[in-house]
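Enquirer: Got a structure for you, written out below as structure tokens; questions coming shortly.
The values are calculated or read from the model by the stated rules, or taken from the named source; none is laboratory data. Bear in mind that the values here come from a model prediction, so they are computed numbers and not experimental data. In this analysis, Cβ positions are derived from the backbone assuming ideal geometry, glycine residues included, and neighbour counts consider all displayed protein chains. Only protein heavy atoms, including side chains, enter the accessible area calculation; ligands, DNA and RNA are left aside. Shrake-Rupley method; radii C 1.70, N 1.55, O 1.52, S 1.80 Å.
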Amino acid sequence: MPSVMVTESASNRPVSKRQKLNESSTNGTQRRVLKPRIFTPFRTIGLVSPTDVPFTARPLGKTTFQITTSVGRCLQTYDLKRGLNLVFITRPQTPETITASTSWKDQVLAAWGGEEPQAARGVWVFKRGKKVDELELPRFMEENIKQLLVFGAWIVGCCSSKIEVWKSSTLEHYTTLHGTSANLLSGGVCNMPTYLNKIFAGMQDGTIAIWNLSTGKLIYTILPNTSNYGAVTALQPATALSLLAIAYASGPVVIHDIRADKEILRLNTGASAKSPVTSISFRTDGLGAGDDGRKDGVMATSCKDNGDVTFWDLNGGGRKKGVLHGAHDPPSSAHGGIGGGISKVEFLAGQSVLVTSGLDNSLKTWIFDEMPFSPIPRILHSRSGHAAPVSTLQFLPSDSDGADAGGKWLLSASRDRSLWGWSLRRDGQSTELSQGNIRKRAKKMGILNNGLLSLDSTSNLEDLKAPSITCMACSLNRDGGIGAIPGATGIWNNSSKSKGSPRTNEISMTGWESVVTGHEGDKMARTWFWGRKRAGRWAFETGDGTVVKSVAVSPCGTFALIGSAGGGIDMFNLQSGIHRQRFPARLTVIQAKKLKIQQEEAEDMMISMDPNAPKKYTRGQGKHTKAVTGIVVDSLNRIVISCGADGKVKFWDFVTGLLLHEIDWYPMTSITSMHYHRPSDLIALSCDDGSIRVVDIETKKLVRELWTSNAHTETRTIDFTFSNDGRWVISACTDSIIRVWDLPTGHLIDAMKLHSPCTALAFSNTGEYLATTQEDSVGVHIWTNRTLFTHVPTRHISEEDIASIDAPTASGEGGEGFVEAAVDETEEEQEEDETHIPSIDQLSDHITTLSLVPKSRWQNLLHLDIIRARNKPKEASKPLEKAPFFLPSLNQPPDPSTALTTIPAPEPSRITSSSLTTPSTIATTTTTFTSHLALAASSTTPSATTYTPLLTHLSTLPPSAADIAIRTLADTPPYTELHTFIHALTSRLRERRDYELVQAWMAVFLRLHGDTVVRDRELVQAMREWQDEAKREKERIGRLVGYAVGVVGWIRSARS
């Protein structure tokens, strides 16, 4: 292989560093694209049981159970006693997807492998979330393991056509069991108590093969009673000895006596070949059967084609005891990609608790404790997530008191008709916003009963939820928290049909709904309580009766705006549900007639009007001709901005509903969505030509155009967002690339290519995280922003420099947290920008510049006498009246036995405090300052550079040292040092540098040597030169400021 050849040749070279430098110099561009520069993978949230790999449970002592599920390439372990709290996530993640898992003692085994025959495969052993060992594999293994089984001295792995066997003591591969024909294993394998070294394998032809693992021989085959039973779909040993439950593809479940090879019980599940039983479990606590539930013999069955669990009483010939309808969501028939069905059911050993996992990404526990006795359990614990890819994401904004600040919460909506709130700090706080008691409503409608309505295939639990969410908006400024509107309130009442006076609790309430959502194919926009995590009271209907396309909430949190597919915009009050405004404003009959007359007159005057004059709009004009795809409200509730598929951006008056301004891009493009950044008053609009246009709402001008590709018609923007500071625009496109644009320069500064298209993205308010979702995943991927901790180059990159990267994992392996991102110092991160900005203390000699000296230094220099007087002790320190008991008395000689060991004196510190300046330090500072003065005075042709070393040294001194340096200037004739010091300050003033520092030094100089200066004529003349220079600079700056004020005033007062 080429890679091996390169490695061997590289290893023969004597200096490895030289090779690294050569690669960096020749392939510098390739090294930069190894990974994105701004965002790095962190972790994935929202995954519980998204795959069809069954969970595995094991007891932990006598108090609790641990349940382990697969989330792709790692396992998650939950503790039952803690309410299914997540306790372990396995690391490292497997190279390929996990295909089977099982618990064994205090360890968990996970089999993994790829889809192709040549893909890598393996079986790893984990303990407390860490890999501790792995099983030895046979040389040629081309099939994935579908089921793992551990019993006695054996570990059994069931593949599609063969069975692999290992020894549990040494983890060495023992043998491979092959069938006598090409019969596939369809029902998995199981073992039975008292059957030593025996396993039972369900075959595709309906037979049960019994193998002896020790000898590796097929010892017996159990044949089905009839040939139309079909393949074996599930096997489970019963609690009674020698009894085995067998489920067939045609529907029946058979209890078979293995010892006598006789069918003793057949249960007609009422299912067809389309929904065979795929999981069987027996209750082991000796209860649940009979009329009073005090007998043994309860069996539970489920299948992957629906979400129901059926309970059977096996006493007296067997009968159906009850059905737990809707335990998990069934597979959706309306939309593709929505998971459903039950992957496994299991009664916990010796407990009245049932555990179920579904393909709807959920794990649930049920308990039988209802009184009077009920064969149907109630829900005990539940952990779940989205069952379909996420379509909308939004970080929760900060409320008025900042309680939810910091990017803690993330809202997500999916095609599975659910709305979730995810906590990025603690997974246990994540929750789904309730849509009411769905199961209670289903029972009233007969969906969960055994009546005639349950036979109607068109009625299911999915239809009782709101349609899938397509857009949402949120504002927490008026969210009442958990106590908002206490008591029972209706869910999603049509606000247009609500009549009568408001109730007392609504009048006195302090908060109301804070989230508004639009739904697919629905003309109603629905409200939600974020604090109460439940559905709200109102369902707002569009004014023209068309589908909701966009929603917005005012920054005050009081008004909700709804945009329709027909071009209408309606505003509602979230507190009362009353319709408040329509954009454009609604006309009365008289106003409509008057408007028609004005339009006819305007047509007659069209020729005489100035074509460059701004167009004026009257009441009722300006409605969008196509769907409204975006609505935002400015920070002061003055302007409403809307965009539509008609290619227009409209600015409306919030109070009157009048159209103020319009930007028309038709027929160049059609606008698909809009986002608003409040601090900078910028809106970004995604267009169908592949561009993102940025508009300033103050000037109403286009400021940036960001193109995703050179071919404008090939790539479309799926979703985009602003960064928290408004400097970046992050976009996700149909080419699976996430791009980061720098608004000040308009450059593409970073990009990363994912393995599947991104469906939604959001940026946290604190700038810490970027959240993304993908088409092939039900989780939410979290990325870390590295610019918070390290310098990242912001040069422009081309499409060829885009890096390919894997999405974050549930375990967080391969990603970077905040600490890792801060200390990571790879070569790519230390790459410098192409443009360097020099660090200079003066940009131009025509600009008066302040110094780079800290403000505290020159300010304290002016008030040093006051500071010294304030810090002077009020009284002398007093000796201690009585020494502590552990110190010897001064009158007694020290005890040699208790004498302390002489401690050597510490080395003098290299750090000297400015407030405790020693005489030697003062002498050194004064000597250096005096030498610079003498060097400047000895110059025959003094210039600006002559005094630079003197003033540079003086600026580096602390306040006390600078005061002493100026104080020790020689004030005796011929006053050479005083002359030199004044000329140095005058020269620095002519250079227009260090203005405030020169003023402070001169103030201290005059306070200390003012009496000497007034007695000498030459010193007075030097001071006059300094004064004239300061006055000249003052007048120059005054003229410039006056000119700037005049220009600004003229611009403000000018009228076009």
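Enquirer: Which of the lysines could be linked to Lys440 by a straight reach, that is with a Cα gap under 19 Å, when you skip same-chain ones fewer than 8 residues away?
Expert: Once the sequence-local lysines are set aside, what remains near Lys440 is Lys364, Lys465, Lys533.
Enquirer: In terms of modelled amide H atoms, which long-range or inter-chain residues lie less than 5 Å from the amide H of Arg993?
Expert: Close amide H contacts, sequence-distant or interchain: Thr849.
Enquirer: I need the calculated FRET efficiency for the pair Lys465 and Val132, taking r as the beta carbon distance and R₀ as 60 Å, to the nearest 0.05. Write out the running numbers ahead of the final one.
Expert: On the way: r = 44 Å, r/R0 = 0.73.
With a Förster radius of 60 Å, E is 0.85.
Enquirer: Once you place label points 7 Å from the Cα toward the Cβ at Ser938 and Lys35, how far apart are they in nm?
Expert: 5.9 nm
Enquirer: Want the number for Glu800 to Arg82: 0.36 nm per residue separation, take away the alpha-carbon distance, what's left? Could the numbers behind the result be given before it?
Expert: Values: separation 718, 0.36 × 718 = 258.48 nm, distance 5.02 nm.
The span from Glu800 to Arg82 would gain 253.5 nm if fully extended.
Enquirer: Regarding region 916-1056, what are the three Cα extents along the principal axes, ordered largest first, in Å?
Expert: 71, 38, 29
Enquirer: Continuing with this model, one more query. With all distinct Cα pairs included, what does the Kirkwood hydrodynamic radius of region 691-766 come out to in Å, to one decimal, could you say? Please report the intermediate quantities before stating the final value.
Expert: Details: mean 1/r = 0.0772 Å⁻¹.
Evaluated on region 691-766, it is 13.0 Å.
Enquirer: Under 5 Å between amide hydrogens, which residues at least 5 positions from Arg73 or on another chain qualify, with H placed 1.01 Å from N in the peptide plane?
Expert: Correct list: Ile98.
Enquirer: Still on this structure, I have one more. Find the all-direction average of the projected area of the Cα convex hull for region 212-275, expressing the result in square nanometres with one decimal place. Let's see the in-between values first.
Expert: Details: hull surface 20.4 nm².
For the Cα atoms of region 212-275, the hull's average projected area reads 5.1 nm².
Enquirer: Which whole-number percent of Cα pairs in region 60-168 have a distance greater than 23 Å? Let's see the in-between values first.
Expert: On the way: 1582 of 5886 pairs.
Pairs farther apart than 23 Å: 27 percent.
Enquirer: Rolling a 1.4 angstrom probe over the protein chains, ignoring ligands and nucleic acids, what is the accessible area of Asp261 in square angstrom, nearest 10?
Expert: Near enough 60 Å² of accessible area.
Enquirer: Another one. Calculate the FRET efficiency for Thr790 and Leu702 from the Cβ-Cβ distance with a Förster distance of 41 Å, rounded to the nearest 0.05. Could you put the intermediate results ahead of the total?
Expert: On the way: r = 34 Å, r/R0 = 0.83.
So, using R0 = 41 Å, E works out to roughly 0.75.
Enquirer: Let me ask something additional. Length gain on complete extension for the stretch His747 to Asn573, per 0.36 nm per residue less the alpha carbon to alpha carbon distance? Write down the numbers at each step before the final one.
Expert: Numbers: separation 174, 0.36 × 174 = 62.64 nm, distance 4.16 nm.
Difference between extended and current length: 58.5 nm.
Enquirer: Once the other residues with Cβ under 13 Å from the Cβ of Glu714 are scored (Lys, Arg +1; Asp, Glu -1), what is the net sum? Could the numbers behind the result be given before it?
Expert: Working: positive: Arg716; negative: Asp688, Asp689, Asp735, Glu799.
Taking every Cβ under 13 Å from that of Glu714, the sum is -3.
Enquirer: Bin width 10 Å, alpha-carbon pairs only: give the P(r) of region 131-234 as whole percents, running from 0 to the bin holding the largest distance.
Expert: P(r) for region 131-234, in whole percents per bin: 15, 49, 29, 6, 1.
Enquirer: By average Cβ neighbour count within 10 Å, what is the ranking of 521-527, 700-706, 996-1002 from highest down? Could you put the intermediate results ahead of the total?
Expert: Values: 521-527: 21.3, 700-706: 14.4, 996-1002: 19.4.
For the peptides 521-527, 700-706, 996-1002, the packing ranking is 521-527, 996-1002, 700-706.
Enquirer: To the nearest 10 Å², what's Ser186's accessible area with a 1.4 Å probe?
Expert: My reading of the accessible area for Ser186 is about 50 Å².
Enquirer: Express in nm, to one decimal, how much length is gained between Asp681 and Lys596 on full extension, taking 0.36 nm for each residue of separation and deducting their alpha carbon distance. Working shown, then result.
Expert: On the way: separation 85, 0.36 × 85 = 30.60 nm, distance 3.59 nm.
Here the answer is 27.0 nm.
Enquirer: Show me the ranking of peptides 41-50, 130-139, 1044-1053 by mean Cβ neighbours inside 10 Å, starting with the highest. All intermediate terms of the calculation are to be shown ahead of the outcome.
Expert: Working: 41-50: 24.1, 130-139: 12.9, 1044-1053: 9.1.
Going from most to least packed, we get 41-50, 130-139, 1044-1053.
Enquirer: Can you give me the distance in nm between label points at Ile438 and Glu1035, each placed 7 Å from the Cα along the Cα-to-Cβ direction?
Expert: 8.3 nm
Enquirer: What's the ranking of 664-671, 1013-1020 by average number of surrounding C-beta atoms within 10 Å, highest first?
Expert: Working: 664-671: 15.4, 1013-1020: 13.2.
In decreasing order of mean packing, 664-671, 1013-1020 become 664-671, 1013-1020.
Enquirer: In addition: With each label point set 7 Å from Cα along the Cα-Cβ vector, what nm distance links Arg870 and Phe140?
Expert: 8.9 nm
Enquirer: Here's something else I'd like to know. So, in Å, what gap is there between the alpha-carbon centers of region 240-267 and region 575-594?
Expert: With region 240-267 and region 575-594 each reduced to a Cα centre, they are spaced 72 Å.
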